[in-house]
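The structure under discussion appears below in the form of structure tokens.
The values are calculated or read from the model by the stated rules, or taken from the named source; none is laboratory data. Predicted, not measured: the structure shown is a model, and the values here were computed from it. All Cβ positions, glycine included, derive from the backbone under ideal geometry; neighbour counts span all protein chains shown. Heavy atoms of the whole protein, side chains included, go into the accessibility calculation; ligands, DNA and RNA do not. Shrake-Rupley method; radii C 1.70, N 1.55, O 1.52, S 1.80 Å.
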Amino acid sequence: MQEMTSLQRVLTTLGHKEPDRVPFFLLLTMHGARELGLSIKDYFSTAEHVVEGQLRLRAKYRHDCIYNFFYAPVEVEAWGGEVIYYEDGPPNSGTPFMKKHEDIIKLAAPKIRDTACLRKVLQAHEMLKARVGDDAPIIGVVMSPFSLPVMQMGFEKYIELIYEEPELFRQLMKINEDFCVEWANAQLSAGATAICYFDPVSSTSIIPRDLYLKTGFEIAQRTLARIKGPTATHMASGRCLPIVDDLSKTGTAIIGVSVLEDLAELKAACSGKLTLLGNLNGIEMRRWTPAEAEAAVRGAIDAAGAGGGFILSDNHGEIPFQVPDEVLLAISEAVHTWGRYPLQGR
Amino acid sequence: MKEICYTIKMNQENDLYKALLSLDRLAINSIYRAAGETCSPVEIMEKLFTPALERIGEDWFLGKVSLSQVYMSSRICEEIVNRDLPADMPRPVAAHPDMAITVLNDHHALGKKIVHAILTATGFNVLDYGQGTGVEELVARIREDRIRILLISTLMLRSALQVSNLKARLKEEELQVTIIVGGAPFLFDRELWKEVGADMMISQASEVVPALKNIIRKMN
């Protein structure tokens with residue numbers, strides 16, 4: 001089979017057909033700083049750094065996407081929240097900017113074009129599109145309206161809101177949905193090929209299915225319908241097997257799945273409906289040997305590769321800064337060796 | 001009295017489990033009042049609520065219930081304890097070494113709140129050091145409060161790795177502290193707790209009570 005471009009490879013697997021090999025996304029963010037010899041804070045301070053970092057990472061590891069994800073709390077920063085930078089980990093949201101549920105009443109979403117941290121991401125999309133063209137998908141990222149409040153008000157306050165303050169919950173979702181749609185569409189207009197919709201709160205690790213159907217499910221249906229491009233829903237390590245059928249009805253094309261669930265079982269549940277993205281253990285990856293990395297890749301391909309509908313990736317949506325080059329190179333080598341279609345099996 | 005309480009527990013624990021998962025406060029209070037006809041509030045917590053919370057925690061680990069249910073059920077139990085058990089009332093757990101709980105270098109406090117609520121409902125007195133605490137701040141507070149057991153909740157890998165720095169600093173200061181860790185990084189890498197020098201890891205909040213009782217027994 002003639003070698004495909006990364007974009008062709010991904011589109012083929014999304015069509016539930018077998019491309020030339022299993023596509024793989026190394027969802028690397030902070031590693032770009034290491035490539036450029038910068039601190040993580042300096043690295044994320046300009047679009048140029050992130051563009052250069054992403055291009056170098058793709059050249060080095062030969063993977064199939066550009067991941068224009070700066071850091072999870074970039075949206076919180078846009079809303080006026082605190083971002084804490086570390087030398088050896090992802091920027092983290094600080095004390096939530098909403099102190100009580102009633103703060104929702106006065107809440108107003110930021111205007112994307114007036115917000116420096118969001119403009120920086122859009123600028124990176126434009127530059128990446130100019131450099132990458134249609135060779136590889138450029139992935140933009142949004143926090144789902146349903147999951148963003150974890151950073152807006154803190155997890156425990158948010159759970160209490162969902163259960164005990166239905167009217168304020170609805171108000172917050174309305175504000176967040178509008179923002180999410182605008183933010184996603186701005187990224188698509190700037191050059192993103194697809195949007196990764198991070199929605200860990202919808203995972204059955206976090207809320208039961210009956211509650212999901214009344215909340216995260218309906219919110220995703222409304223939101224994804226208004227996003228003018230393809231979307232992938234990521235559970236960020238959370239379980240989703242009991243809601244696979246529901247997820248397929250939200251309009252998403254891909255689900256990012258957890259290592260806590262059996263990949264073959266997930267593949268069977270998703271067959272023909274959703275493409276799987278996952279599920280290498282990013283935390284364990286830090287201390288894998290190259291042989292262990294190869295075994296993990298082979299195991300995942302064996303479990304989910306047949307027939308397409310599968311993109312190999314980590315299970316969280318961001319590979320920890322501590323994962324060394326030799327492991328990432330071993331993963332890449334293993335995919336290039338064992339991921340060729342038709343698959344060889346064990 | 002205890003035998004009567006045992007009978008009540010057998011009859012009602014399952015109802016309480018269901019009521020807690022569905023956040024049915026009316027049912028929870030009804031079960032609590034019925035048990036109160038023959039048991040003291042302390043006994044109800046020990047023999048009825050604690051096993052129900054433990055079962056919910058175990059079922060979360062197995063993927064049968066969700067974290068929101070674990071949190072809300074532990075919170076309801078904590079509310080009842082704070083309402084009906086005065087601070088000076090004898091608790092199920094006799095005097096124990098001073099202990100504290102914290103979230104190290106992170107502001108994700110849900111796991112800590114769940115564990116704290118379960119410990120409170122079970123009769124432990126635990127100092128809550130809050131979240132976002134740094135290593136040096138912790139060392140100072142541990143020294144000042146003479147803490148012997150420290151529970152650390154983490155969500156981020158970076159925070160989990162910080163435990164080794166804390167352990168080193170405690171050793172430098174010659175502070176003997178048993179460190180129990182929990183949270184996502186330790187769930188996803190079952191060897192990590194040993195690597196960072198923790199004394200024990202708990203996979204789910206419900207493990208914390210037997211773990212603590214075991215540690216305390218060894219200390220005594």
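A few points about this structure:
- Cα→Cβ-extended label distance, 7 Å offset, between B:GLU79 and B:ARG25, nm: 0.4
- Shape metrics for the range B:99-219, restricted to C-alpha atoms - Rg then Dmax, Å: 12.8, 35
- Taking 7 Å steps out from each Cα toward its Cβ at B:ASN11 and B:ARG33 produces label points 1.6 nm apart.
- Overall Cα dimensions of the range A:47-119, principal axis frame, Å, largest first: 49, 28, 19
- For chain A, the relative contact order comes to 20 percent (Cα pairs under 8 Å, sequence separation of at least 6).
- Span-like helix check, chain A: qualifying full DSSP H segments, with Cα axial length of 18 Å or more and mean Kyte-Doolittle of 0.0 or more, are A:116-132, A:290-304, A:325-338.
- Taken along the Cα-to-beta-carbon direction at a fixed 7 Å, the label points for A:MET1 and A:LYS214 span 4.6 nm.
- Spatial separation of Cα centroids for the range B:157-220 and the range A:185-262, in angstrom: 34
- Ellipsoid semi-axes in whole angstrom, largest first, where each is sqrt(5λ) of the Cα gyration tensor of the range B:2-84: 21, 13, 11
- Charge context of A:PRO137, other residues only, Cβ under 10 angstrom, K/R +1, D/E -1: -2
- Rounded to whole Hz, the Karplus (6.51, -1.76, 1.60) HN-Hα couplings of the range B:35-51, x for glycine and proline: 5, x, 5, 10, 10, 6, x, 4, 5, 4, 4, 5, 9, 10, 6, 4, x
- Size-normalised alpha-carbon gyration radius of the range A:165-285, reference 2.2 N^0.38 Å: 1.06
- Interface burial for B against A (accessible surface, 1.4 Å probe, total of both chains, Å², rounded to 100): 2600
- Distance from the C-alpha centroid of the range A:1-57 to that of the range B:116-150: 42 Å, rounded to the whole angstrom.
- For the range B:47-67, accessible area lost to neighbouring protein chains reaches 20 Å² or more, against the chain alone with a 1.4 Å probe, at B:TRP60, B:GLY63, B:SER66, B:LEU67.
- Taking every protein chain into account, the accessible area of chain A amounts to 36 square angstrom per residue (probe 1.4 Å).
- Straight-line reach from A:LYS273: taking Cα to Cα under 17 Å and skipping same-chain neighbours fewer than 8 places apart, the lysines in range are A:LYS17, A:LYS249.
- Take every Cα pair under 8 Å whose residues are at least 6 apart in sequence, average their separation, divide by the length of chain B, and the relative contact order is 18 percent.
- Taking every Cα-Cα distance in the protein assembly as shown and sorting them into 10 Å bins starting at zero, the pair-distance distribution P(r) comes out as 3, 17, 27, 26, 17, 8, 2, 0 percent.
- Look at the stretch B:106-116: the mean tally of other chain Cβ atoms within 10 Å of its residues' Cβ atoms is 4.
- Extension gain, A:ARG62 to A:ARG340: 0.36 nm times the residue separation minus the Cα-Cα distance gives 98.7 nm.
- Descending semi-axes in whole angstrom, ellipsoid equivalent of the range A:79-131, from the Cα gyration tensor: 27, 19, 6
- Taking all Cα-Cα distances within chain B, those exceeding 22 Å account for 50%.
- Think of it as helices only: each DSSP H run of n ≥ 4 in chain A is worth -39500 (n - 2.57), and spread over all residues that comes to -13500 deg cm²/dmol at 222 nm.
- Kirkwood Rh and Cα Rg combined as Rg/Rh, the range A:6-338: 0.94
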